[in-house]
Structures are given as structure tokens and as C-alpha cells.
Amino acid sequence: MEVEVKLRLLDAVNHSRLKEILSPFHIKKLNQKNVFFDSANGILASQRAVLRLRSFSNNNEKIRCVLSLKAKPMLINGVSRVEEDEEEIDPLTGEQCVEEASKLGLTESRIIKRCKDEFGIDGEMGFVCLDGFENVRDVYEWRGLKLEVDESKFSFGVCYEIECENDDPERVKRELEGFLKENGIDYKYSEMSKFAIFRAGKLP
């Protein structure tokens with residue numbers, strides 16, 4: 001179970017201000033491309049599951065590729081809980097699957113096997129690509145917490161968010177909210193996952 005605090009930053013100004021304040025604690029920047037898959041008849045979505053292929057690039061060269069299966073998401077008062085299974089796959093294989101979704105079903109993968117065995121995506125049905133979005137993630141080590149500040153670039157707009165994975169989300173949320181208020185950063189509790197925003201086709 002992945003448990004995260006998710007707070008939405010209201011605009012680019014607040015996003016830039018937060019990054020400037022956190023700059024002494026910055027450890028890395030990640031350029032991510034998130035692409036999603038389902039069956040043609042949406043069998044994963046009907047069971048509240050999401051199959052995501054995330055590639056990490058550096059200077060336009062893909063350096064990592066991670067396949068994730070998420071299920072039964074809950075996002076309440078800025079705290080997200082979701083069942084998550086992740087598996088690293090070869091970046092070239094991932095790129096080929098994005099170009100031709102049918103190849104995903106032929107991939108030697110624990111997660112693809114789960115999609116078939118547990119969710120009922122058979123070989124005849126296969127996978128279709130739902131497209132996706134890009135995300136720029138800045139990662140910070142701050143007061144013993146790993147903070148991820150995201151700039152998600154959808155075809156219909158840009159969304160800004162701060163996330164922190166932790167087993168004590170209420171304590172972390174109090175600490176983060178106090179920090180944001182103290183520094184005049186405007187925020188709201190996130191009400192939708194990035195995937196839900198992508199599927200809705202509009203910003204929250």
C-alpha cells in the first residue's frame with residue numbers, strides 16, 4: 001500500500017516560489033513520461049485499476065522504465081492510499097510498447113501476468129494505449145522527509161503538486177501545511193490523482 005500526502009499548488013507562481021525556498025535541500029530532477037494502458041473495453045478501469053509505464057530520461061535519452069499496476073485508489077483530505085506493484089523493464093522494450101501497444105501483452109513481466117490472471121485481459125483482447133502526459137519532478141530532502149514537487153504537463157494545461165510518501169500522513173500533512181502557510185504558498189488538498197485529471201481532460 002502506497003500512502004502519500006498530496007497538496008495541489010494553485011499556480012506557477014506558487015510552484016516557483018516553493019522551489020526557490022526548498023532549493024538548499026534539492027537532490028535531483030527527474031524528467032518523466034507517463035503512458036497508460038488498458039484493454040479496448042476498459043477492463044482495468046472497470047475494476048478501479050491503472051496500468052502505467054513511466055520512463056525516466058536525461059537529455060532526451062531514456063535511462064529507466066518502470067511498469068506500475070495501481071488498484072483501489074482513495075484520495076481523502078489530501079491523503080492518497082493505493083495498492084501499488086512496480087517492476088522495472090528494459091527502456092527499449094518500454095518504448096516499443098508505447099509505439100505498438102500489442103507488444104505489451106507479449107512482454108515477460110510479472111505485472112502483465114497479473115493483468116491477465118487477476119483482471120482478465122486475455123491475449124485476444126490485448127492492450128491499447130491511452131496516451132499520457134509528461135511530468136518534471138524535483139526531489140528534496142527536507143526535515144527527514146523526501147518531498148517531490150511536480151509540474152505535470154497535460155495537453156489541456158499544467159498542474160502543480162507537492163507529494164510526500166510516509167506511513168504517518170497526518171503528521172506529515174500538518175508539518176507541510178504549516179511550512180506552506182508560513183511561507184505564503186497557496187495550496188489546496190489534491191482531490192484527483194494525475195491519472196484522473198488526465199482522463200477527465202481538464203484541470204481540477
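The values are calculated or read from the model by the stated rules, or taken from the named source; none is laboratory data. Since we're looking at a predicted model, the values are computed, not measured. When we count neighbours, we look across all protein chains shown, and the Cβ atoms used for this are built from the backbone with ideal geometry, even at glycine. The accessibility values were calculated without ligands, DNA or RNA, using every heavy atom of the protein model including side chains. Shrake-Rupley method; radii C 1.70, N 1.55, O 1.52, S 1.80 Å.
Here is how the numbers come out for the structure above:
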{"item": "Per-region count, region 20-71, residues at pLDDT 95 or above and basic (Lys, Arg)", "result": "5"}
{"item": "Every residue from region 159-191 that is in contact with a Ser or Thr (Cβ under 7 Å, 6 or more places away or on another chain) and hydrophobic (A, V, I, L, M, F, W, C)", "result": "Cys159"}
{"item": "Those residues of region 2-30 which are of a type outside the set (Asp, Glu), more than 16 Å from Tyr160 (Cβ to Cβ) and touching a residue at least 40 places away in the same chain (Cβ under 8 Å), in sequence order", "result": "Val3, Phe25, His26, Ile27, Lys28"}
{"item": "All positions within region 72-108 that are modelled with pLDDT of 95 or more and among the small types (Gly, Ala, Ser)", "result": "Gly78, Ser80"}
{"item": "Within region 126-162, considering residues that are open to solvent by less than 20 Å² (accessible area, probe 1.4 Å) and not in a strand (DSSP E or B), the one nearest to Ser80 (Cα to Cα)", "result": "Phe127"}
{"item": "Cβ pairs under 6 Å, 6+ apart, first in region 77-104 and more than 20 Å from Gly126 (Cα to Cα), second among the aromatic types (Phe, Trp, Tyr) and open to solvent by 60 Å² or more (accessible area, probe 1.4 Å)", "result": "Asn77/Tyr189; Gly78/Tyr189"}
{"item": "Selection within region 38-95 - among the basic types (Lys, Arg) and on the phi > 0 side of the Ramachandran plot", "result": "Arg48, Lys72"}
{"item": "Residue tally, condition more than 30 Å from Ala45 (Cβ to Cβ), in contact with a helix residue (DSSP H, G or I) (Cβ under 9 Å, 6 or more places away or on another chain) and either among the β-branched types (Val, Ile, Thr) or not in a helix (DSSP H, G or I) (or both), over region 163-194", "result": "4"}
{"item": "Elements of type helices (runs of 4 or more DSSP H) contained in region 1-119, each with 2 or more residues being touching a helix residue (DSSP H, G or I) at 6+ places or on another chain (Cβ under 6 Å) and surrounded by 12 or more Cβ atoms within 10 Å (Cβ to Cβ)", "result": "91-99"}
{"item": "First in region 136-160 and touching a residue at least 60 places away in the same chain (Cβ under 8 Å), second anywhere and acidic (Asp, Glu) and part of a strand (DSSP E or B), Cβ under 7 Å, 6 or more apart", "result": "Val136/Glu151; Arg137/Glu148; Arg137/Asp150; Val139/Glu148; Val149/Asp138; Val158/Glu151; Tyr160/Asp150; Tyr160/Glu151"}
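Yes/no per residue for (1) over 19 Å from the mean Cα position of the chain (by Cα); (2) of a type in the set (Val, Ile, Thr):
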| residue | (1), (2) |
| --- | --- |
| Gly78 | no, no |
| Arg81 | no, no |
| Glu87 | no, no |
| Thr93 | yes, yes |
| Gln96 | yes, no |
| Glu100 | yes, no |
| Lys103 | yes, no |
| Glu108 | yes, no |
| Lys116 | yes, no |
